[in-house]
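Contents: one structure, followed by commentary.
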Amino acid sequence: MPRSRNRYDLVVLGGGTGGIVASLIAARAGARVALVERDRIGGDCLWTGCVPSKSLLAAAELAHRMRHAGDVGLAPHEPEIDFGRVMAHVERAIATIEPQDSPERLRREGVHVVEAEGRFDGPGVVAAGGRCLRWRRAIVATGSSPALPPVEGLAEAGTLTTDTIWQLRELPERLVVLGGGPIGCELGQAFARLGARVTVVELADRLLLKEEPRASRLIAARLRGDGVDVRVGRRATRVGVGELTVEGAAGEIEQIPFDRILVAAGRSPRTRGLGLERVGVEVDKNGAVIVDASLRTTARSVYAVGDVTGMLPFTHVAAHHARVATPNALFHARRKADETVPWVTFTDPEVARIGLTEAEARERWGDRAWVTAAEYSELDRAIAGGQPYGFTTLVGDPRGRLVGATVAAPAGGEAIAELAAWVSRRAGIDAVSRTVHAYPTLAEGPARAADAHVIARYARPHVKALTRTALAALRVLGGRA
């Protein structure tokens, strides 16, 4: 008896990175899989996140390098910026990458793509496009959306978010960015370099609150060097006509004029309207799906991946989750999501991070934690390339094993990959030093920090004493020979 065309081994709700990866894994393994997406396949990463933002950053970086060509002995030049052409470049990048995530490609791979609103309609059933899709296992991969803070007048002010800013074709003369996290810093710097007068407003007392304080100071200085007005410790209280009111920690009131406001103050999981309660899937107070280490929800047959879980909101995390959850769902595997995840803020310089910060290590181990650093002002490739700024910090446990790293430097996002591998292997910091790195490269930065660690270990008093004793004995033995 043939199987019903509406019966599936796996139904995936959400066609972003997590949903696409999960669907492809299942289809290639021979499972009958349906992917349900209400909007455009490809999700935030393709349409409103990684791809457009990095395309914009590329144009902004080149404009900056033209202005600062004197750093490498060339005549500085003020670029002629046509913002419409820049956004056309962004659109071309999306259009070039889009076929990789298209419904047509997924269908060729054996995925049944349902382009409709989907919701759970009871155990084992998803309603989508007027049909009932029956499933043995399901994965929720609906992602997240920009969150608007509760500021009077904000919703009525024609506010931009990362969903809508890509619709701009004219550069705002004055742009206020609410939020000094990764998105706010990246886009604030980019728009400033493209010619806007940018003000970044952050409630906390520093930018990039999750990063090393020194990285926060470095990025704040770089943004100010690009003309960005950085205002930390400020709470937005009201949006009027062309004017934002903010309040400082001491109660002082300031008015910031603007033409457009970009909100980059966090994201919310997309769980409303999914019918999760119909299948026993619980969410936390922020609306994120609750999952265990294997990414299974409170419903035994339902898993969740990516932003909707409230974990780290990165594309590579969603893909990793999908690689874990899909075999768990289909084959009762017992894989667990890796908590050692690198991430990158793509400012200039990039801020790349994995594992513990120095403060977190000190809180855990006190003075027994190892911390070592290297300056890019002393790195040959950075000097030669006219980018002698930034640093690497490596963090070790009392045994000298690498448990965290920050690379706040040019190409930091590339250098963090090696460090992520060492952290996942629980290797010592000295392993980074022993690894041969090509010269001259920016990837030498972490190696130089590891070299400093090795030297520091040899310089400890008891090691020096042992060395002197051993060398004295060898001299005696040598004399007898």
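Taken together, the values in this text are just the output of simple stated rules run on the coordinates, not laboratory data. On a predicted model such as this, the values are computed, not experimentally measured, just so you know. Because the Cβ atoms are built from the backbone with ideal geometry, glycine has one as well, and the counts that use them run over all protein chains shown.
Points worth noting:
- Note on the chain: percent of Cα-Cα distances in each 10 Å bin, starting at 0 and stopping at the bin with the largest distance, equals 4, 17, 24, 24, 18, 8, 3, 2, 0, 0.
- Local charge for A95 was computed over the other residues whose Cβ lies under 13 Å away, with Lys and Arg +1 and Asp and Glu -1, and equals -1.
- Computed from Cα atoms alone, the Kirkwood hydrodynamic radius reported for the range 349-461 is 13.7 Å.
- Selected from A88, I20, T441, residue furthest toward positive end of dipole (the chain; charges at beta carbon): I20
- Rg(Cα)/(2.2 N^0.38 Å) for the range 118-236, N = residue count: 1.46
- Helical runs assigned H by DSSP (4 residues or longer) give the chain a calculated mean residue ellipticity at 222 nm of -10500 deg cm²/dmol, each run adding -39500 (n - 2.57) before division by the residue total.
- Given charges at beta-carbon only (K, R positive; D, E negative), |dipole| of the chain in Debye: 2420
- Residue among P398, A470, G42 farthest towards the positive dipole end of the chain, charges placed on Cβ: A470
- Segments 222-234, 431-443 sorted - mean Cβ within 10 Å per residue, highest first: 222-234, 431-443
- Loop-located trypsin sites (Lys or Arg not before Pro) in the range 268-374, at most 15 other Cβ atoms within 10 Å (DSSP): R272, K285, R300, R334, R335, K336
- Amide H to amide H distances under 5 Å link V403 with V395, G396, D397, where only residues 5 or more positions off or on other chains count and H is placed in the peptide plane.
- The trypsin sites (Lys or Arg not before Pro) of the range 154-206 that meet both conditions, a loop assignment by DSSP and at most 14 other Cβ atoms within 10 Å of the site Cβ, are R169.
- Farthest toward positive dipole pole in the range 244-362 [+1 Lys/Arg, -1 Asp/Glu at C-beta], among H316, P327, T347: P327
- For the range 165-265, the dipole from Cβ point charges (+1 on Lys and Arg, -1 on Asp and Glu) about the Cα centre works out to 200 debye, to the nearest 20.
- When +1 charges are put on Lys and Arg Cβ atoms and -1 charges on Asp and Glu Cβ atoms, the dipole computed for the range 324-432 relative to its Cα centre reaches about 700 debye.
- Label-point separation, A293 to L477 (7 Å along Cα→Cβ), nm: 4.7
- Mean Kyte hydropathy of 0.0 or more with a Cα span along the axis of at least 15 Å, helices from DSSP in the chain: 17-28, 50-67, 83-97, 182-193, 315-331, 412-424, 461-480
- Radius of gyration and Dmax over the Cα atoms of the range 340-388, both given in Å: 14.2, 39
- As a proxy for reagent exposure, W370, W166 were ordered by neighbouring Cβ count within 10 angstrom, fewest first; the result is W166, W370.
- Annotation for K336 and E375: the two label points, set 7 Å from Cα along the Cα-Cβ direction, are 4.2 nm apart.
- Take the Cβ atoms of C132 and E170, set R0 to 45 Å, and the FRET efficiency comes out at 0.45.
- Counting only DSSP beta bridges whose two residues both lie in the range 165-265, roughly 45 percent are antiparallel.
- Considering only beta bridges that DSSP places wholly inside the chain, some 60 percent are antiparallel.
- Residues of the chain were split at every exposed loop site, defined as GluC sites (Glu not before Pro) in a DSSP loop with at most 16 other C-beta atoms within 10 angstrom, and the longest piece left, sites excluded, is 340-481.
- Placed amide H near V230: partners under 5 Å, 5+ positions off or other chain: V200
- Sorted fewest first by neighbouring Cβ atoms within 10 angstrom, C50, C132 come out as C132, C50.
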